[in-house]
1. Starting from a label point 7 Å past Cα on the Cβ side, list the distances from C:Thr32 to the same position in the other copies, nm, shortest first.
2. Contact order normalised by length for the range B:2-80, with contacts defined as Cα pairs under 8 Å and 6 or more residues apart; what percent is it?
3. Percent relative contact order of chain D, based on C-alpha pairs within less than 8 angstrom and at least six residues apart?
4. Provide the buried accessible surface between chains C and B in square angstrom, both chains summed, 1.4 Å probe, rounded to the nearest 100.
5. Show A:Trp32, D:Trp435, D:Trp367, D:Trp51 ordered by accessible area, largest first, where the area counts protein heavy atoms only and the probe is 1.4 Å.
6. Work out the P(r) tail for the range B:2-80: percent of alpha carbon pairs separated by more than 16 Å, whole number.
7. In whole angstrom, and with the biggest value first, how far do the Cα coordinates of the protein assembly as shown range along each principal axis?
8. On a full-extension model of 0.36 nm per residue, what is the gain between D:Arg378 and D:Glu33, subtracting their alpha-carbon distance, rounded to one decimal in nm?
Amino acid sequence: MRVGVVTFPGSLDDADAQRAVRIGGHDAVPLWHGDHDLRQVDAVVLPGGFSYGDYLRCGAISRFSPVMAEVVEAAGRGLPVLGICNGFQILCESHLLPGALIRNDHRKFVCRDQRLRIENNRTPWTSSYAEGAEITIVLKNGEGGYVADQPTLDRLEGEGRVVARYLDDNPNGSLRDIAGVTNERGNVVGLMPHPEHAVEELTGSGVDGLGFFTSLVVDAFA
Amino acid sequence: MARVVVDVMPKPEILDPQGKAVHGALPRLGFTGVTDVRQGKRFELEVEGEASEDVLASVREMAETLLSNPVIENYSVRVEDDA
Amino acid sequence: MARVVVDVMPKPEILDPQGKAVHGALPRLGFTGVTDVRQGKRFELEVEGEASEDVLASVREMAETLLSNPVIENYSVRVEDDA
Amino acid sequence: MLDTVSHAAQDADHEQPWAELGLKSDEYARIREILGRRPTSSELAMYSVMWSEHCSYKSSKVHLKQFGEIPQETPVGKMLAGIGENAGVIDIGQGYAVTFKIESHNHPSYVEPYQGAATGVGGIVRDILAMGARPVAVMDPLRFGPLDADDTHRVLPGIVAGVGGYGNCLGLPNIGGEAVFDESYVGNPLVNALCVGVLRHEDLHLAKAAGTGNRVILYGARTGGDGIGGVSVLASETFDEGGPAKRPSVQVGDPFMEKLLIECTLELFAAGVVTGIQDLGGAGLSCATSELASAGDGGMHVDLDLVPLRDSTLAPEEILMSESQERMMAVVEPADVARFLEICAKWDVEATDIGEVTDTGRLQIDWHGEQVVDVPPRSVAHDGPTYHRPFERPESQDALQADRAEDLPRPSGGDELRATLLRLLASPNLCDKSWITDQYDRYVRGNTVLAQPSDSGMVRVDEETNLGVAVATDCNGRFARLDPYAGAQLALVESYRNVATGGARPLAVSDCLNFGSPEDPAVMWQFAEACRGLKDACVELGIPVTGGNVSLYNQTGTTAILPTPVVAVLGVIEDVTRRTPTGFREAGHEIVLLGE
Ligand SMILES: Nc1ncnc2c1ncn2[C@@H]1O[C@H](COP(=O)(O)OP(=O)(O)O)[C@@H](O)[C@H]1O
């Protein structure tokens, strides 16, 4: 499959996401924030980083880039979209996902290997994990606290739209330990930790993140 | 030239880790009598010409779409007199 | 109960990367006519009792030592009427 | 009234505030001699900042000279650029080269911990970028007062947040550093920052303005009043009433701008539109224009009115000395200017053609149509004063050395030994550093093979061949205090070992020499001894010093910090999959003690 990876000004993990896409067995297609063009990709990854410096609110400015208009439109048609960290923030700002990400409760940037439970393996990004699988991948963020109002949180839980949850210590004050969520249709996934930093034994925190990039294939064959 | 101020504050029901940290630090610094602290943002916009109703409408739109996130924040817009 | 507001802004001569980023984004969103944007912080403090001179003096001290960084920021303190 | 060159030639007796700018009377006399007239206030601004200790190395260069006697090659190849360039560049094989350098930002970090540390990272990253390299990792050796000192509480959280805030936002993994606590750093923390960059041999770029008619382009952030508190005495002379607005002496960093600057600059290199390049660091435009022109083959003409300003009230002296961050200067052939500007526009980076390379041999700068600078560029950039400061081993050194560790009480029995061990493990200098390192992104770019808690940081350079580089920094200031000659050598060999134990072959050294006041003969002796020690050990190990930085006047009152020659060693590893991580891996492995 052709998986697009968008570079915004200030994207940092775009090259890493491209590498992970390739290791996952797909073609990585670079996409540019200023283009009204998704280059006929079959899925899109919005990578981590500090787009526009994260100065206003993370993701607030990127959301208005030309490419996001295309992503929003394509997501509406069911295109698989994965937002990692800053990408998750952009998806929330774009209203493709509910809730918002705020400053970590301890108010410091945190970088560590984090244990998660995959709560929903019915998305195109998580289908190669067993439901309830416990994995360790890299977490690194300054504004990763997931918040939403109670009814929204209840609905997410009730509809099984919490994709991943933090295990052990909650690293950033996210409500109900939420690490990732999906939209109603299940094609758009936002995740605070970084599976693209867990795809090689040599670097990162092991290979537990690879499933996010191999799931697309499993899904295609399903 | 006019100065328009946009204040953006976390909604009351939303967690405010920064305000909470400030509040927690006050007693340690010997300040008592503060029952709550919330931390938000203040934007000062310099606009060309008068702060007309049109200009204010446009600033309100900026506040609504860009400067605040309505999921977690409220905003208010006002013209600063002494600008 | 009174509400005291502390506004903290980057000093005019100091670079304000945040305001710059916002200012840079406005034209792309179709907003013209804004010549400068500065981004600072706004703190809302709820204090017990009246906002007396004593209370304000103590808030000023908080602003000076905790809420602002006097090397790069200015602050102002005022009582919010409608609290 | 504007102090122009022709005005300065006529009005020879005008009193100038050279002393306030830190110049000595003989230095001021020397400037008049070079120019054959008094300097204009703009020229005085340039000379004063370029002839400062920080930029001219006037107290240290007689000692640093000996690093040039070390054979200029590494165990595996040649040095592609050495001391004197922005950073040294060494060959690591397969067509790759690496550049690395360590620098201090001590004083700014004391004044404003977050921004001081942040801009320290920003500055060293631009040095590496200016060589034509992609920055790939950073490190941050830090020194603080005791963990429970008030001053440490004031500076430590901000310094760590600043290093992290800037480096994380640039997308550069932090692969190691140091956090050392000692009484002598109260009121004088040390913030050293290191950056490593990778390039292909053919991508090497040097800081020189060659080719008459080539354009001089300033790009990146606008110029503001940052860091020019001192020079405002000059500017105020040229204002009739009121003087200029208050000028901040601190700089605020914009890491997002720097990230754009990195990507933009790398694309400019790839497009082949850069003939010379220099980053704007400490002395801003004064440094960039004079160094580029001095290293070139002609002169340079700049129209200062074209410099984009953040603050329109700045005077020419202030524009020349501004330390605004995130700026670069490039020399570009006229035919390439359009392409150059186009690439900058793609990255939202403002770029302005402000002048040209000339054949006059002079650096000439205009303001409002009149000439305010006309100097031989070399006299500003390279011919600064040289001091042979007196140095002498202090007598107190004898007593210090006589007080031997053997005289300390020893634990007797298992309980005491256990208590001693626990105390050691809990001591700030040995304890776990994750409160610091958790605030740094060590994974970004996906090539980090070793980072904390390893002895050295290691990054993969080539994903196909698994070629990589490793870097470590070390210094024990207490050893250096006891014997600066041996202390510097111990710093070097510790770094060397830390690189080697990771599995890499040590190749080259960069050093950051943090000392007290050079005006104190005892401190100067420490400095001289440390340089001599470092040089002798490098000769012995067969590795060159490729560059570094000197930070003097690190003292609180009259008390100097421990002599702190931080030594960074870079090594190469052919196959990063064969690296050796730190720590016991598996039960059943044998434990072997090597060495004495
Ligand atoms: N300021 C820092 N920045 C980044 N890494 C650091 C810093 N301080 C310590 N480290 C890392 O933490 C680990 C342990 O540090 P330290 O206790 O000083 O070990 P050692 O004594 O072996 O050098 C090392 O990998 C070191 O690089």
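The values are calculated or read from the model by the stated rules, or taken from the named source; none is laboratory data. Model, not experiment: these values are computed from the prediction. Note that we place each Cβ from the backbone using ideal geometry, even for glycine, and neighbour counts take in every protein chain shown. These area figures cover heavy atoms from the full protein model, side chains too; ligands, DNA and RNA do not enter into them. Shrake-Rupley method; radii C 1.70, N 1.55, O 1.52, S 1.80 Å.
1. Nearest first, the other copies' label points are 6.0 nm away.
2. Across the range B:2-80, relative contact order equals 54 percent.
3. After rounding, I find 18 percent.
4. Buried area between the two chains comes out at roughly 2600 Å².
5. Highest to lowest solvent-accessible surface, that is D:Trp435, A:Trp32, D:Trp367, D:Trp51.
6. The share of Cα pairs beyond 16 Å in the range B:2-80 comes to 57 percent.
7. Between the extreme Cα coordinates on each principal axis of the protein assembly as shown lie 81, 80, 66 Å.
8. Difference between extended and current length: 122.8 nm.
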